[in-house]
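Read the structure below first, then the notes.
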Amino acid sequence: MSTGTTASVSTHILDTSVGRPARGVAVRLSVRAVRDAAWQALGGSATDADGRCRDLPALPEGTTQVRLDFAVEPYLAERDSGAVFFPEVVITFAVEPGEHYHVPLLLNPFGYSVYRGS
């Protein structure tokens, strides 16, 4: 969804080792207007049964960079009942006004990947 004056962001997590969405993962969203500025935390959400965060905060006007912090440790520890190699995944990306950025996280216990989706 494009607002015309600011970018928008959405995400979801797929656990590729079991072929299912990752439910209950906390996701925090932070923004900044310029590369060297401090990050401003906007809030967060948690993934639902479909692995989607449906209520991430709106980005303020002037945002040029976004950071998504995925707290994957509790999810992976519960699923695998053991030590977790990646306790968190942090993704930082640039945005432009009026664009929508869907950033899926493909997760497994020993690796992950992200991409700009649609």
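Worth a mention:
- The listed residues are V34, V84, and the only one of them that is in a loop (DSSP other than H, G, I, E, B), touching a Ser or Thr at 6+ places or on another chain (Cβ under 8 Å), at pLDDT below 95 and hydrophobic (A, V, I, L, M, F, W, C) turns out to be V34.
- Residue tally, condition over 30 Å from V34 (Cα atoms) and either assigned to a loop (DSSP other than H, G, I, E, B) or among the β-branched types (V, I, T) (or both), over segment 48-81: 5
- Number of positions in segment 47-96 that are over 16 Å from R23 (Cα atoms), charged (D, E, K, R) and surrounded by 12 or more Cβ atoms within 10 Å (Cβ to Cβ): 1
- Looking only at segment 54-110, and only at residues there that are under 11 Å from the mean Cα position of the chain (by Cα) and hydroxyl-bearing (S, T, Y), the one that is farthest from V9 (Cα to Cα): T92
- Scan of segment 87-110 for residues that are out of contact with any Ser or Thr (no Cβ under 8 Å at 6 or more places or on another chain) and under 16 Å from V25 (Cα atoms), ordered by number: P87, E88, V89, V90, I91
- Residue check for L59: within 16 Å of V90 (Cβ to Cβ) and aliphatic (A, V, I, L, M): no
- Top-ranked residue in segment 11-46 [being farther than 19 Å from N108 by Cβ and buried (at least 16 other Cβ atoms within 10 Å of the Cβ); ranked as farthest from the chain's Cα centre (by Cα)]: R32
The values are calculated or read from the model by the stated rules, or taken from the named source; none is laboratory data. It should be emphasised that the depicted structure is a prediction, and the values quoted were computed from it without experimental measurement. Methodologically, a virtual Cβ is constructed for each residue, glycine included, from the backbone with ideal geometry; neighbour enumeration extends over all protein chains shown.
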